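Inspection log for the structure reproduced underneath, given as structure tokens.
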Amino acid sequence: MDDFLRRYGPVAVVTGASSGIGRSFATELAGRGLDVVLVARRLDRLKELAETLRAAHGVEVTVVSADLADAAAPGEILDAVAGLDVGLLVSNAGFGVKGPFEDGDSATLSSMLMVNCQAPTQLAHGLAPRLKRRGRGGVIFTSSVEGLIGCPYSAGYSATKAYVVALGEALWAEFAPSGVDVLTLCPGATDTEAPRNQGIDPATLHDLMSPDDVARAALDNLENGPTHIPSAHYRGLFDTLLAMPRGEALTAMARQTGK
Ligand SMILES: NC(=O)c1ccc[n+]([C@@H]2O[C@H](COP(=O)([O-])OP(=O)(O)OC[C@H]3O[C@@H](n4cnc5c(N)ncnc54)[C@H](OP(=O)(O)O)[C@@H]3O)[C@@H](O)[C@H]2O)c1
């Protein structure tokens, strides 16, 4: 644990910390002795988590309320952490919408591009010089297994997560010589508010993982990039899908998901 703190501390910035995987990241990081900066829109939740983490772990917690769909938000977050020695960025906030592509709301699609693509890019871009100068540290991008192949009936979300995979893979190789680890996390089904927000009953999902297990797996594998799929079930499934002729895999998925 001390090694982790020395390598990635003293301060971690976690986006999407108000619930699910991001909340678990923040909790696990505070447990490893890092000070944390919690970012999301729901300030009440962030304040409550901040109190809990301060009391349980004696760490410093900073709360930043930001709507990452707003183009100015990454700059405001970077300003808020300018005076802190940030060793780890966990760019985790994100959301998805399911259904036929043309049925989705156009404004929601734009917000999804901002939150899932623009914000991770700008946050990593803003922190990169500082991380590289320090000669140690890390970046975790939360993508999804849906970023590994175009997922029918989840086209926009899947495309945003493919962007994150490409960004994370490229930066893994770029930052490695500077001693900065980059991991792109590709969770499968995870028991958070996200499935319910997309009208999915989590009980119907295969191999549902807890957000705590997903966050812990990512932190334990931070030096083992470029990508990590925490679930053995989804690792096997995507190995099979990605080994199939692309058209066959996509047609099979469309048949399965479009029912
Ligand atoms: N759950 C799954 O099955 C699953 C699978 C693969 C990948 N993922 C990915 O895992 C990440 C975390 O999702 P989760 O499952 O933990 O879902 P979640 O519980 O719904 O958490 C999403 C987090 O993102 C934040 N967020 C969403 N829109 C935002 C905005 N406009 N501005 C700022 N923050 C925003 C939310 O905070 P506020 O609402 O308070 O702003 C919340 O903290 C996402 O990138 C998601 O795509 C999830």
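The values are calculated or read from the model by the stated rules, or taken from the named source; none is laboratory data. Everything quoted here is computed from the prediction, not taken from an experiment. Cβ sites come from the backbone with ideal geometry, for glycine too, and all protein chains shown count toward neighbours.
Of the conditions (1) aromatic (Phe, Trp, Tyr); (2) within 16 Å of the ligand (Cβ to nearest atom); (3) over 20 Å from Ala26 (Cα atoms), Phe95 clears all except one; give me its number.
(3)
Out of all the residues in the range 1-57, which are within 10 Å of the ligand (Cβ to nearest atom) and polar (S, T, N, Q)?
Thr15, Ser18, Ser19, Ser24, listed by residue number.
Of (1) more than 11 Å from the ligand (Cβ to nearest atom); (2) within 22 Å of the chain's Cα centre (by Cα); (3) over 19 Å from Gly138 (Cα atoms); (4) part of a loop (DSSP other than H, G, I, E, B), Leu109 satisfies all except one. Which?
Against the list (1) more than 11 Å from the ligand (Cβ to nearest atom); (2) within 22 Å of the chain's Cα centre (by Cα); (3) over 19 Å from Gly138 (Cα atoms); (4) part of a loop (DSSP other than H, G, I, E, B), Leu109 comes up short only on (4).
For (1) over 20 Å from the mean Cα position of the chain (by Cα); (2) not aliphatic (A, V, I, L, M), each residue gets a yes or a no:
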position	(1), (2)
Asp70	no, yes
Val86	no, no
Asp103	yes, yes
Val115	no, no
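Only one residue in Leu46, Leu53, Leu68 is touching a strand residue (DSSP E or B) at 6+ places or on another chain (Cβ under 8 Å) and outside any helix (DSSP H, G or I). Which one?
Leu68
Any chance you could count how many residues in the range 159-196 are more than 9 Å from the ligand (Cβ to nearest atom) and in contact (Cβ under 8 Å) with a residue 12 or more places away in the chain?
Here the count works out to 17.
If I ask for residues that are under 16 Å from the mean Cα position of the chain (by Cα) and part of a helix (DSSP H, G or I), which ones from the range 1-43 would you list?
Passing the criteria: Gly20, Ile21, Gly22, Arg23, Ser24, Phe25, Ala26, Thr27, Glu28, Leu29.
Hand me the list of helices (runs of 4 or more DSSP H) wholly inside the range 164-259 holding 3 or more residues that are under 24 Å from Cys117 (Cα atoms).
193-197, 211-220, 232-243
Looking at Gly147, Gly156, Gly199, which one is of a type in the set (Gly, Ala, Ser), surrounded by fewer than 22 Cβ atoms within 10 Å (Cβ to Cβ), in contact with a helix residue (DSSP H, G or I) (Cβ under 6 Å, 6 or more places away or on another chain) and touching a residue at least 24 places away in the same chain (Cβ under 8 Å)?
Going through Gly147, Gly156, Gly199 in turn, just one is of a type in the set (Gly, Ala, Ser), surrounded by fewer than 22 Cβ atoms within 10 Å (Cβ to Cβ), in contact with a helix residue (DSSP H, G or I) (Cβ under 6 Å, 6 or more places away or on another chain) and touching a residue at least 24 places away in the same chain (Cβ under 8 Å): Gly156.
Is it fair to say Val115 is in contact with a strand residue (DSSP E or B) (Cβ under 8 Å, 6 or more places away or on another chain), modelled with pLDDT of 95 or more and of a type outside the set (S, T, N, Q)?
no
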